[in-house]
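Q: Submitted below is the structure of interest, expressed as structure tokens.
The values are calculated or read from the model by the stated rules, or taken from the named source; none is laboratory data. Computed from a predicted model, the values in this text were never measured in an experiment. All Cβ positions, even for glycine, are placed from backbone atoms using ideal geometry, and neighbour counts span all protein chains on display. Quick note on the areas: whole protein, heavy atoms, side chains included, nothing else; ligands and nucleic acids left out. Shrake-Rupley method; radii C 1.70, N 1.55, O 1.52, S 1.80 Å.
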Amino acid sequence: MTDRAQPSAPLSVRLWFAWAFLLLVLSGLLLPRVVEFIDFSERAPFSLLGIFMMIELAAVLFGITAALQRKRIGHRFAIGIALLPVPILAGLVPVLLRMPAEAATGWWLLTVPIGALISVVLLVGLLRRPARAYFSEP
């Protein structure tokens, strides 16, 4: 058995990990608001927002786990999670905080460009050869 040293994660992968953990923290902080937001009456036993949050949490947790193990599927999850800044920052926060329409529009105008910039930086970095090579385990 060879004791080959694994190269450290490229900067783009480190930035992705920072985004993924920030997303996990943000989701955890907003989760009580999601539960409060959902109407648990017989009329609406579930909500699209709740379903989105649960899928997002599952994807982020699985993506982080696979990326820490350097699995190839982790690269695909990393790319998918890199596309989440705009919906999370621009769409989720105004809904959960019940912002008035004027405030939500201002928030949207501020966070869509920021989210798009985060996504572009993460995607460009993750699609480069060093980031793809980092996810080397089958």
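Q: When only residues in segment 80-106 that are surrounded by fewer than 17 Cβ atoms within 10 Å (Cβ to Cβ) and in a helix (DSSP H, G or I) count, which is modelled with the highest pLDDT? Quick ask: steps written out before the conclusion?
A: Going residue by residue through segment 80-106, those that are surrounded by fewer than 17 Cβ atoms within 10 Å (Cβ to Cβ) are 80, 83, 87, 95, 97-103, 105-106.
Imposing the further condition that a residue be in a helix (DSSP H, G or I) reduces the set to 80, 87, 95, 101-103, 105-106.
Numbers: Gly80: 94, Pro87: 86, Val95: 79, Ala101: 85, Glu102: 87, Ala103: 87, Thr105: 87, Gly106: 88.
Only one residue fits best here, namely Gly80.
Conditions tested, residue by residue: (1) in contact (Cβ under 8 Å) with a residue 24 or more places away in the chain; (2) among the hydroxyl-bearing types (Ser, Thr, Tyr); (3) under 30 Å from Ser136 (Cβ atoms).
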{"residue": "Gly50", "(1), (2), (3)": "no, no, no"}
{"residue": "Val60", "(1), (2), (3)": "yes, no, yes"}
{"residue": "Arg76", "(1), (2), (3)": "no, no, yes"}
{"residue": "Pro85", "(1), (2), (3)": "yes, no, yes"}
{"residue": "Leu96", "(1), (2), (3)": "yes, no, no"}
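Q: Same structure, new question: Just a yes or no: is a residue in segment 37-56 aromatic (Phe, Trp, Tyr), outside any helix (DSSP H, G or I), at pLDDT below 95 and open to solvent by 70 Å² or more (accessible area, probe 1.4 Å)? Spell out the reasoning first.
A: So the first thing to find is which residues in segment 37-56 are aromatic (Phe, Trp, Tyr), and the list is 37, 40, 46, 52.
The next check asks that each one be outside any helix (DSSP H, G or I); those that pass are 40, 46.
Subset that is at pLDDT below 95: 40, 46.
With the extra rule that they be open to solvent by 70 Å² or more (accessible area, probe 1.4 Å), the set shrinks to 40, 46.
Yes - at least one qualifying residue is present in segment 37-56.
Q: All but one of (1) under 16 Å from Arg14 (Cα atoms); (2) not in a helix (DSSP H, G or I) hold for His75; which doesn't?
A: (2)
Q: Any chance segment 131-138 includes a residue that's closer than 23 Å to Val34 by Cα and among the acidic types (Asp, Glu)? Give the derivation first.
A: So in segment 131-138, the residues closer than 23 Å to Val34 by Cα come out as none.
There is no residue in segment 131-138 that is closer than 23 Å to Val34 by Cα and among the acidic types (Asp, Glu).
Q: Next question, about the same structure. Determine whether segment 107-129 contains at least one residue that is among the basic types (Lys, Arg), exposed (fewer than 12 other Cβ atoms within 10 Å of the Cβ) and outside any helix (DSSP H, G or I). Before you say what the answer is, go through the steps one by one.
A: Just the residues of segment 107-129 that are among the basic types (Lys, Arg), to begin with: 128-129.
Next, only the ones that are exposed (fewer than 12 other Cβ atoms within 10 Å of the Cβ) stay: 129.
Within this subset, residues satisfying the condition of being outside any helix (DSSP H, G or I) are none.
No, because not a single residue in segment 107-129 is among the basic types (Lys, Arg), exposed (fewer than 12 other Cβ atoms within 10 Å of the Cβ) and outside any helix (DSSP H, G or I).
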